[in-house]
Amino acid sequence: MEGTILNRPSKDDTYLLQSVDNALSIVDLLCESDGLGLADIASRLSLGRSSTYRLLYTLQRHQIIRKDAGARYHLGCRLIAMGQISLSNDELVRAVHPYLERVARETGETTHLCVPQGTRHITFVDKVTGSATIHMGSAVGVTMDAHVTSAGKVFLAWSAPETIDEYLETGRLEQVTPKAITSPDEFRKELGRIREQGWAQSDEECEIGLTTYACPLNVDGVMLGAVTIAGPSERMRANRERYLSALSAAARDAIASQA
């Protein structure tokens, strides 16, 4: 899943409808840079302000995007419904869901399937809520910074060296909580440990009191996603070995089902 602007077909593509292509480029731009104004959108896509305004107005009428009080544009609520429909029919989600259910049943904790969103973020695309009285209040469709999540660390750990370099050199490692890693050197060491042990953890790095573990879904060298388990830190630490055993077994079985 790429996080860059859609690659446009060549101008002589017989079937290209330029207005639709431009509208989709706006949606894709707002996926990466939420809260842009008319001038910024027109400039970044090399479009005229008048044409851009008409495209934005049309997208807004269909609730694909929305405009706030400050005349900044954001993705709209209709995309949530569209995403839910898409995810319900997604082959990876359907294939992995039974294994998320199995881990949630065995541990009582909440489990997720995550996929990369570009190179800097991860998105939750499926969730099974555990039976434990206190569980993670996450939601399908939520996107988070990769460096503070166990799933994001998994994706980066098995990324190409140039991808890791780009991540660390082009953006700041935001300290979401006091426990988040903000040093590029320390983060590289963390990725090395993850590759060696085969799993990642986020120990209160995205939310105080929350710990998560993640295992990769790597099929023939292709990183399809990551399965995670999440819960209150004290309970997660006390059961780490048992939880990781259940999660890694589920990841292996899910990979085998895709081979």
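The values are calculated or read from the model by the stated rules, or taken from the named source; none is laboratory data. Remember, it's a predicted structure, so these values are computed and weren't measured experimentally. As a convention, Cβ positions derive from the backbone with ideal geometry for all residues, glycine included, and neighbour counts pool all protein chains shown.
Of note:
- Meeting the requirement of 3 or more residues that are among the basic types (Lys, Arg), no strands (runs of 3 or more DSSP E) wholly within segment 152-259 can be named.
- Number of positions in segment 205-225 that are crowded, with 19+ Cβ neighbours inside 10 Å and more than 17 Å from the chain's Cα centre (by Cα): 2
- Lone unmet requirement of (1) part of a loop (DSSP other than H, G, I, E, B); (2) at pLDDT 90 or above; (3) touching a helix residue (DSSP H, G or I) at 6+ places or on another chain (Cβ under 7 Å) for Gln63: (2)
- Flag for Tyr53 being at pLDDT 95 or above, of a type in the set (Phe, Trp, Tyr), in contact with a helix residue (DSSP H, G or I) (Cβ under 8 Å, 6 or more places away or on another chain) and not assigned by TED's automatic domain parsing to the domain that holds Ala132: yes
- So Ala180, is it at pLDDT below 95, touching a helix residue (DSSP H, G or I) at 6+ places or on another chain (Cβ under 6 Å), buried (at least 21 other Cβ atoms within 10 Å of the Cβ) and among the small types (Gly, Ala, Ser): no
- Being surrounded by fewer than 17 Cβ atoms within 10 Å (Cβ to Cβ), modelled with pLDDT of 95 or more and either over 22 Å from the mean Cα position of the chain (by Cα) or assigned by TED's automatic domain parsing to the domain that holds Pro161 (or both) holds for only one residue in Ala256, Ala238, Ala246, Ala200, and it is Ala238.
- Filter result (in a helix (DSSP H, G or I) and free of Cβ contacts under 8 Å to residues at least 12 places away in the same chain) within segment 34-56: Ala39, Asp40, Ala42, Ser43, Arg49, Ser50, Arg54
- Within segment 156-173, the set of residues being touching a helix residue (DSSP H, G or I) at 6+ places or on another chain (Cβ under 9 Å), hydrophobic (A, V, I, L, M, F, W, C) and under 19 Å from Gly198 (Cβ atoms) comprises Leu156, Ala157, Trp158, Ile164.
- Segment 34-50, subset closer than 27 Å to Val125 by Cα and loosely packed, with under 15 Cβ neighbours inside 10 Å, residue modelled with the lowest pLDDT: Asp34
- From the list Thr163, Thr228, the one residue that fits, being in contact (Cβ under 8 Å) with a residue 40 or more places away in the chain, within 27 Å of Arg102 (Cβ to Cβ) and assigned by TED's automatic domain parsing to the domain that holds Ser131, is Thr228.
- The requirement of being under 23 Å from Asp145 (Cα atoms), surrounded by fewer than 17 Cβ atoms within 10 Å (Cβ to Cβ) and not assigned by TED's automatic domain parsing to the domain that holds Phe124 is not satisfied by Gly70.
- Residue list for segment 109-134, filter: surrounded by fewer than 17 Cβ atoms within 10 Å (Cβ to Cβ) and either modelled with pLDDT of 80 or more or not small (Gly, Ala, Ser) (or both): Thr129, Ser131, Thr133, Ile134
- The single residue among Gly137, Gly192, Gly171 that is surrounded by fewer than 18 Cβ atoms within 10 Å (Cβ to Cβ), of a type in the set (Gly, Ala, Ser) and modelled with pLDDT of 90 or more turns out to be Gly192.
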